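First the structure, in the form of structure tokens, and then the observations on it.
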Amino acid sequence: KQYNVALVGATGAVGQKMLETLEKKNFPIKELKLLSSSRSAGKKINFKGEEYTVQETTPESFEGVQIALFSAGGSISKKFAHEAVKRGAVVIDNTSAFRMDEDVPLVVPEVNEEDIANHNGIIANPNCSTIQMVAALKPLQEKYGITRVIVSTYQAVSGAGNLAIDELKDQSQAFLNGEDMKAELLPVSGDKKHYPIAFNALPQIDVFQDNGYTYEEMKMINETKKIMHAPELHVAATCVRLPFFTSHAESVYVEVGDENIEVADIQAALANADGVILEDDPSNQVYPTPLSAAGKSEVFVGRVRKDLDNKNGFHFWVVSDNLLKGAAWNSVQIAESVIKNNWL
Ligand code: A2P
């Protein structure tokens, strides 16, 4: 069986990876609609050797569509997702627009695939930093129980879209030419001030909330509890943007339920987990990096250590391609699960 698929935000950084993923997974597509704003309407995009013309997104774009993948920003999802559902589509939304809505499943298939069954037309794809962290936490939660998580992130510019990728390139070029760096976008396009990302580190991703945390940090905190069905889990996050293009890295501290757990137990649980690859051999300097994870669909974990003071505490390093498992790959996995389980 084949399906009519629409891709909203087809020209964006995630949209391009969605196309790559649909092609790579040989997704059963009958008709494909590539949608964007009026700016990119008319642009040609190649998919599986065929040329497609990008169209402006309108409510009518979703007539006859069965699966709609959204990745054009929260405001676009708010404007069009219900229009797509009204016309019979299942929406898989990569933005934060509906993630915390009670009737919207928030899904990482390796962690909580069964939540998809309860959807009412919209299924949310979690934040990129959240996805890779919960993929690594899930096997530990299942085997040992977890009570507290403290994470610091090292995030690529591509998470902020194609314009942020260009900004890093332009600033790097300017810096190396001895010219002034122009900062017009990062840390957040809509915020009051902008700082250079090239040769820098910005401890702000998304806008600040009243409690002093950024929205990215609150996404990690709230989404983790929802996906893991653990409202009582203690989670704290610090999210930092760094000057590389692809993959997010995270330093994670986790407290497990049993003080007799050792590093080898944690490593074994991670090595056996779906979608997780353990790359952890300090004696041979083996650990994942943003470059080594780029272009791959798995979540890579290394540097597993026991805390020196807390017997229940462990530290590890988790890296994944933010545009693939963090966005496009996870969204298409959700679509595959919807089809496989007859949850359309
Ligand atoms: P467009 O190419 O027309 O601007 P990125 O995350 O890389 O910045 O990409 C954002 C994606 O969202 C692009 O595909 C962009 O299309 C799309 N987009 C932006 N604004 C709208 C809109 N008003 N309606 C539909 N798609 C939009």
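The values are calculated or read from the model by the stated rules, or taken from the named source; none is laboratory data. Keep in mind that what you see is a predicted model, and the values were worked out from it rather than measured. Neighbour counts run over all protein chains shown; Cβ positions are idealised from the backbone, glycine included. Please note that ligands, DNA and RNA were not included when accessible areas were found on the heavy atoms of the full protein model with its side chains. Shrake-Rupley method; radii C 1.70, N 1.55, O 1.52, S 1.80 Å.
Among the residues of segment 301-309, is any touching a residue at least 60 places away in the same chain (Cβ under 8 Å) and open to solvent by 10 Å² or more (accessible area, probe 1.4 Å)? Working first, answer last.
Looking only at segment 301-309, we keep the residues that are touching a residue at least 60 places away in the same chain (Cβ under 8 Å), and these are 301.
Subset that is open to solvent by 10 Å² or more (accessible area, probe 1.4 Å): none.
Checking segment 301-309: not a single residue is touching a residue at least 60 places away in the same chain (Cβ under 8 Å) and open to solvent by 10 Å² or more (accessible area, probe 1.4 Å).
If you take the residues of segment 112-126 that are over 20 Å from the mean Cα position of the chain (by Cα) and assigned to a helix (DSSP H, G or I), which of them is farthest from residue 332 (Cα to Cα)? So, considering only residues that are over 20 Å from the mean Cα position of the chain (by Cα) and assigned to a helix (DSSP H, G or I), the one farthest from residue 332 (Cα to Cα) is 118.
So that you can scan it fast, the table gives a plain yes or no per residue for (1) among the polar types (S, T, N, Q); (2) without any contact (Cβ under 8 Å) to a residue 40 or more places away in the chain; (3) more than 16 Å from the ligand (Cβ to nearest atom):
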position: 145; (1), (2), (3): no, no, yes
position: 152; (1), (2), (3): yes, no, yes
position: 156; (1), (2), (3): no, no, no
position: 162; (1), (2), (3): yes, no, no
position: 166; (1), (2), (3): no, yes, no
position: 169; (1), (2), (3): no, yes, no
position: 176; (1), (2), (3): no, yes, yes
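The rows are residues; the columns are (1) among the small types (Gly, Ala, Ser); (2) assigned to a strand (DSSP E or B); (3) under 17 Å from residue 315 (Cβ atoms).
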site	(1), (2), (3)
232	no, no, no
250	no, yes, yes
259	no, no, yes
267	no, no, yes
274	no, no, no
283	yes, no, no
288	no, no, yes
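Among 189, 247, 251, which is the only one that is open to solvent by 60 Å² or more (accessible area, probe 1.4 Å), under 20 Å from the mean Cα position of the chain (by Cα) and either modelled with pLDDT under 95 or within 30 Å of residue 306 (Cα to Cα) (or both)? Exactly one residue qualifies, and that residue is 189. In the set 235, 276, only one residue is under 22 Å from residue 110 (Cα atoms) and touching a Leu at 6+ places or on another chain (Cβ under 7 Å); that residue is 276. Residues that are in contact with a strand residue (DSSP E or B) (Cβ under 7 Å, 6 or more places away or on another chain) and surrounded by fewer than 23 Cβ atoms within 10 Å (Cβ to Cβ) within segment 141-163 comprise 144, 145, 146, 147, 148, 150, 152, 154, listed in sequence order.
Considering 81, 117, 136, 124, the condition of being within 16 Å of the ligand (Cβ to nearest atom), out of contact with any His (no Cβ under 6 Å at 6 or more places or on another chain) and either at positive phi or not charged (D, E, K, R) (or both) is satisfied by 81 alone.
Within segment 1-45, can you find the residues that are in a strand (DSSP E or B) and either within 16 Å of the ligand (Cβ to nearest atom) or of a type in the set (Asp, Glu) (or both)?
So the first thing to find is which residues in segment 1-45 are in a strand (DSSP E or B), and the list is 3-8, 29-36, 44-45.
Scanning segment 1-45 gives 5, 6, 7, 8, 31, 32, 33, 34, 35, 36, 44, 45.
Looking at 299, 304, just one residue is more than 30 Å from residue 20 (Cα to Cα) and of a type in the set (Val, Ile, Thr), and that residue is 304. Screening the candidates 27, 62, 98, 80 for the property of being among the aromatic types (Phe, Trp, Tyr), in contact with a helix residue (DSSP H, G or I) (Cβ under 6 Å, 6 or more places away or on another chain) and not assigned by TED's automatic domain parsing to the domain that holds residue 160 yields one hit, 62.
Within 17 Å of residue 326 (Cβ to Cβ) and aromatic (Phe, Trp, Tyr) - does that describe any residue in segment 205-212? Explain how you work it out, then say what you get.
Taking segment 205-212 and keeping what is within 17 Å of residue 326 (Cβ to Cβ), we get 205-206.
Then drop every residue that is not aromatic (Phe, Trp, Tyr), which leaves none.
Within segment 205-212, none of the residues are within 17 Å of residue 326 (Cβ to Cβ) and aromatic (Phe, Trp, Tyr).
Name the single residue that is surrounded by the fewest Cβ atoms within 10 Å (Cβ to Cβ) among those in segment 46-73 being within 11 Å of the ligand (Cβ to nearest atom) and not in a strand (DSSP E or B). Top of the filtered list is 58.
Kindly evaluate residue 265 against the criterion of being of a type in the set (Asp, Glu) and either over 24 Å from residue 309 (Cβ atoms) or open to solvent by less than 30 Å² (accessible area, probe 1.4 Å) (or both). When the stated conditions are applied, residue 265 does not pass them. Of 272, 200, all but one fail to be more than 21 Å from the chain's Cα centre (by Cα), under 30 Å from residue 173 (Cβ atoms) and open to solvent by 60 Å² or more (accessible area, probe 1.4 Å); the exception is 200. Taking each residue of segment 84-109 that is open to solvent by less than 10 Å² (accessible area, probe 1.4 Å) and looking for partners that are at pLDDT below 95 with beta-carbon atoms closer than 8 Å, six or more apart or interchain, yields 90/344. Residues in segment 84-108 that are part of a strand (DSSP E or B) and within 16 Å of the ligand (Cβ to nearest atom): 3 in all.
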